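Report on the structure given below.
The values are calculated or read from the model by the stated rules, or taken from the named source; none is laboratory data. If you're wondering where the values come from, they're calculated on a predicted model, not measured in any experiment. With ideal geometry, Cβ positions are generated from the backbone for all residues, glycine too; neighbour counts draw on all protein chains shown. To get the accessible areas, we keep the full protein, side chains included, count just its heavy atoms, and leave off ligands, DNA and RNA. Shrake-Rupley method; radii C 1.70, N 1.55, O 1.52, S 1.80 Å.
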Amino acid sequence: MMLLYKAWRESRLGFVLSLTALAAICTLFCLFPRGDLQHKYTFTQTMYLVTYAGVLRNIFIVLTLLLGLGGFLRERSYGTLAYTLALPVRRSRFIAARAVVGFAELSALALIPAVLVPMFSRWSHQPYPSIPQALHFSVLWMVCGTMFFAFGLLLSTFVPGDYPAAATCLISLFAYLMVLEFAPLEKFPSLDLFNVIAAWHMPYFSGRDTCFVTYLPWRTLSVITLLAVITISVAGQIVERQDF
Amino acid sequence: MIFKLNPSAGQPLYSQVVQQVRHAMETGILCDGDALPGIRTLAEELVVSPNTIAKAYSELEHAGLLELRHGSGAYVIVKRRLKSRAERTRAAQVRVQALVESLHADGFSGEEIQRMFAAELFYDASLERKP
Amino acid sequence: MTDGLAIETHELTKQYGNNRVVNQLDLRVPERQITAFLGRNGAGKSTTIKMLLGITSPTSGTGLVLGKKIQDAAQSRDLRREVAFVAEDKQLYSYLTVEQLVRFTRSFYADWRTDAEARLLKQFQLPTGCKVKALSKGMRTKLALLLALSRQPRLLILDEPSEGLDPVSIEELLHEIVGAVAVGATVFFSSHQISEVERIADRVCIIDHGRLLVDISLDEMRREYRRITLSFDVAPPEIRLALPGIQQVRTSGRQMTLLARENADAVIELTRDLHPVSVEVSPVALREVFLETVKEAQ
């Protein structure tokens with residue numbers, strides 16, 4: 001319980017800033033959608049492109065990556081590591097606590113568009129999407145967000161310093177995007193989490209109607225969740241063996 | 001009683017405690033049946049390790065000068081021969097006083113006199129330890 | 001496990017690249033005693049302590065703390081339940097208040113004493129509602145000490161506990177250490193304050209360049225170590241006093257000084273054959289033993 005409290009207190013500021021930034025950007029995009037897109041697409045398609053499949057999605061991904069940072073190397077730079085490691089607690093439990101709190105935080109972030117997009121689009125008298133549809137996206141965002149969060153958490157176990165760790169996260173993200181350009185990988189669209197999270201060109205989503213037409217890809221989402229859990233476990237194993 | 005311990009003297013602290021208790025008994029500062037503080041209390045008062053006080057009390061107990069009553073404290077035992085030793089100690093103190101005064105009169109400072117006594121006593125003590 | 005030892009290491013070594021920070025250390029810290037761990041900056045004290053607590057793993061060698069292996073993660077966790085530790089940095093979670101940090105720490109230890117916690121909060125005058133980041137260095141040190149002393153651990157490991165404290169607080173700290181040992185705890189502390197060590201320590205371990213150079217009880221040191229100064233009316237003879245226990249021989253003008261670790265009386269007897277004008281024997285303070293030991297090691 002106290003470990004969860006510690007993880008929450010350490011990530012609280014980052015979470016509140018992320019929540020505020022995401023909510024502000026979402027609001028701006030909803031109230032002032034891009035004019036060039038509005039000429040080409042319908043209102044709902046424009047909303048989809050700027051939020052769930054656009055800049056808001058990218059910001060969410062970066063924020064979940066950064067939410068994963070912190071941990072023992074950060075504590076070492078603050079000088080509190082000796083106190084923490086002297087507690088009679090398995091080191092991997094600290095990782096687990098951060099993972100639980102991190103998941104709760106990114107879930108809250110994933111719900112922001114589900115709350116704000118339907119609300120603001122209702123003001124424009126073009127409600128989009130419906131709550132169930134919005135929650136579909138939130139589930140995609142939560143699961144994929146967990147994978148990015150897990151990756152950030154893993155990086156934080158061996159990249160010291162907040163700025164180098166953040167830079168490494170972003171560089172890794174770009175590297176991931178470039179790897180996805182590799183032609184043979186086009187056969188596996190589920191490998192591209194940017195598209196999974198946006199349901200972009202996915203068989204369960206209609207781009208024209210901008211709505212989910214069938215069930216969410218539970219198998220894909222299960223695999224992603226499993227990979228995230230494995231990544232967090234690997235991070236736990238790394239810190240158990242680390243020398244400080 | 002008041003203890004004065006010198007960590008830099010070439011004498012274990014417990015030994016200094018023993019000596020000061022013996023001296024107090026010889027000079028009548030401590031009388032038969034007087035209570036000394038418990039080990040923990042005295043250690044905290046003097047801010048020394050409890051093992052130091054425990055060792056000192058143990059040595060005094062073995063010498064028959066202290067009675068340790070569990071839960072009650074430590075009680076001084078002053079034997080008859082110690083009482084007469086107290087008188088001899090007082091007489092010796094007077095002789096030491098006269099010697100120091102005469103050394104002062106010869107122009108030796110307090111520090112010089114102290115050094116001479118210390119050197120003599122250490123040399124003496126080391127000879128005493130010779131088998 | 002050897003009976004009566006709170007800490008026991010065998011050839012404990014920590015190497016970073018080519019640098020052996022701790023070198024074949026054989027430490028023996030008896031239970032229910034106060035053992036001081038002295039050494040220069042960078043001598044390997046903090047690294048040794050980190051290995052004992054499982055924060056760093058040894059390159060080679062073994063160690064037992066309260067009978068539990070330091071290299072085994074599960075046993076290390078068990079031993080930390082009975083060990084109270086104050087780190088050299090004394091940095092604590094800056095975002096918590098004093099009260100929150102006390103509550104946080106308390107939740108991990110079954111041996112927490114709320115009466116000691118209340119007493120120390122009052123004694124150290126720690127403002128419970130104040131965030132740790134707003135505390136001065138001295139107050140933070142006192143808070144770190146409170147978190148260790150509000151328990152009844154079997155072993156207290158303190159790394160420079162008095163650093164940053166005013167004289168009154170140092171006195172309070174020493175008082176608490178003595179009180180802890182009186183109820184059966186073992187204290188193992190590192191310090192640069194030789195005067196404090198001389199007052200309360202039962203034993204002293206001196207480490208330099210990762211090696212244990214001296215491991216002695218203070219009683220034995222006070223009884224055995226002697227500075228013997230020989231004065232001559234001519235140039236002192238060239239001699240080699242090949243006796244065990246002579247740590248150092250130094251000549252200055254017509255005087256020769258010897259630091260004897262033992263056998264002082266035998267040395268004094270030998271020196272009489274040199275016909276000195278005077279032989280002065282004086283006690284050796286811990287500071288001198290420490291300085292001479294590390295100088296010799298160089």
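How many Cβ atoms of partner chains, on average, are near each residue of C:87-99 if near means within 10 Å of its Cβ? Write out the running numbers ahead of the final one.
Numbers: counts 8, 2, 7, 4, 7, 5, 8, 3, 5, 3, 0, 0, 0.
For peptide C:87-99, the averaged partner shielding equals 4.
Going by a 1.4 Å probe on protein heavy atoms, which residues of the stretch C:105-124 end up with at least 10 Å² less accessible surface in the whole assembly than in their chain alone?
Buried on complex formation: C:105, C:107, C:108, C:109.
What does the C-alpha gyration tensor say about the overall shape of chain C? Classify as rounded when a/c is under 1.5, otherwise prolate if a/b is larger than b/c, or oblate. Don't jump to the answer; show the numbers that get you there.
Details: a/c = 2.51, a/b = 1.92, b/c = 1.31.
Prolate is the answer for chain C, as a/c is 1.5 or above and a/b outweighs b/c.
For the stretch A:77-136 and the stretch A:174-244, write down the distance between their C-alpha centroids in whole Å.
Computed from Cα coordinates, the inter-centre distance equals 18 Å.
At 1.4 Å probe size, with the rest of the protein present, what percent of the exposed accessible area of the stretch C:167-289 is carbon and sulfur atoms?
Percent of accessible area from carbon and sulfur atoms in the stretch C:167-289: 48.
Which value, in Å² and to the nearest 10, is the accessible area of residue C:131 when all protein chains are kept and the probe is 1.4 Å?
Taking all protein chains as shown, residue C:131 has close to 70 Å².
Write out the trypsin sites (Lys or Arg not before Pro) in the stretch C:217-298 meeting two conditions: DSSP loop, and at most 16 other Cβ atoms within 10 Å of their Cβ. Walk me through the intermediate numbers first.
Working: sites: C:222, C:223, C:226, C:227, C:240, C:250, C:254, C:261, C:272, C:287, C:295; in loops: C:240, C:254, C:261.
Passing both the DSSP loop test and the Cβ count: C:240, C:254.
Keeping all protein chains in the complex and leaving out DNA, RNA and ligands, what accessible area do you get for residue A:8 with a 1.4 Å probe, in Å² to the nearest 10?
Around 90 Å² of this residue is reachable by solvent.
Under 10 Å, Cα contacts only: if you run a Gaussian network model on chain B, which one of B:109, B:15, B:58 comes out with the highest mean-square fluctuation?
Maximum among the listed residues: B:109.
Under a 1.4 angstrom probe, counting protein chains only, how are A:208, C:40, A:122 ranked by accessible area, largest first?
Greatest to least solvent exposure: A:208, A:122, C:40.
With every protein chain kept in the model, how would you rank C:10, A:201 by accessible area, 1.4 Å probe, largest at the top?
Values: C:10 100, A:201 155 Å².
Greatest to least solvent exposure: A:201, C:10.
Counting only protein chains, not ligands or nucleic acids, how are A:26, B:31 ordered by accessible area (probe 1.4 Å), most first?
Descending accessible area places them as B:31, A:26.
Please report, as a whole percent, how much of the solvent-accessible surface of the stretch C:54-133 comes from carbon and sulfur atoms (probe radius 1.4 Å).
On the way: 1620 of 3580 Å².
That fraction is 45 percent.
Residues of the stretch C:176-192 losing 10 Å² or more of accessible surface, assembly versus chain alone, probe 1.4 Å, please list them.
When all protein chains are present, C:178, C:179, C:181, C:182, C:183 each give up 10 Å² or more of accessible surface.
Which Cα, out of B:5, B:63, B:116, lies furthest along the positive dipole direction of chain B (beta carbon charges, K/R +1, D/E -1)?
B:63
Which of the trypsin sites (Lys or Arg not before Pro) found in the stretch B:1-84 are loop residues per DSSP with 13 or fewer other Cβ atoms within 10 Å of their Cβ?
Passing sites in the stretch B:1-84 are B:4, B:79.
Excluding residues on the same chain fewer than 8 positions from residue C:142, give the aspartates and glutamates whose Cα lies under 16 Å from its Cα.
Output for residue C:142: C:88, C:89, C:99, C:117, C:159, C:160, C:163, C:166, C:171, C:172, C:176.
Would you work out which of A:81, A:115, A:142 lies farthest towards the positive end of the dipole of the stretch A:67-157, given +1 charges on the beta-carbon of Lys and Arg and -1 on that of Asp and Glu, about the Cα centre?
Working it through, the farthest residue towards the positive pole turns out to be A:81.
Provide the buried accessible surface between chains A and C in square angstrom, both chains summed, 1.4 Å probe, rounded to the nearest 100. Present the calculation step by step, with values, prior to reporting the outcome.
Numbers: alone 12840 and 14750 Å², together 25290 Å².
Heavy-atom accessible area buried at this interface is about 2300 Å².
Could you identify which residue out of C:235, C:73, C:118 has the top mean-square fluctuation in a GNM of chain C using Cα springs shorter than 10 Å?
Among C:235, C:73, C:118, the largest mean-square fluctuation in the Gaussian network model of chain C belongs to C:235.
Nearest 20 debye, what's the magnitude of the dipole of the protein assembly as shown about its Cα centre given +1 on Lys and Arg Cβ and -1 on Asp and Glu Cβ?
With only Lys, Arg, Asp and Glu charged at Cβ, the dipole is about 1900 debye.
Taking the Cβ of residue C:41 as the center, what net charge do the other residues with Cβ under 13 Å away carry, scoring Lys and Arg +1 and Asp and Glu -1?
-3
I'd like the residues of the stretch B:47-65 whose 1.4 Å-probe accessible area shrinks by no less than 10 Å² going from the isolated chain to the full set of protein chains.
Checking the loss per residue gives B:47, B:48, B:49, B:50, B:51, B:52, B:55.
Which of the listed residues, C:178, C:164, C:246, is farthest toward the dipole's positive end in the stretch C:156-279, when Lys, Arg count +1 and Asp, Glu count -1 at the beta-carbon?
Checked the options; the winner is C:246.
Ballpark to the nearest 100 Å², how much total accessible area do B and C bury together, probe 1.4 Å?
2500
Taking only protein heavy atoms and a 1.4 Å probe, what accessible area per residue, in Å², does the protein assembly as shown have with all protein chains in place?
Value returned for the protein assembly as shown: 48 Å² of accessible area per residue.
Quick one: among B:105, B:92, B:63, which has the greatest mean-square fluctuation in a GNM of chain B with alpha-carbon springs under 10 angstrom?
B:105
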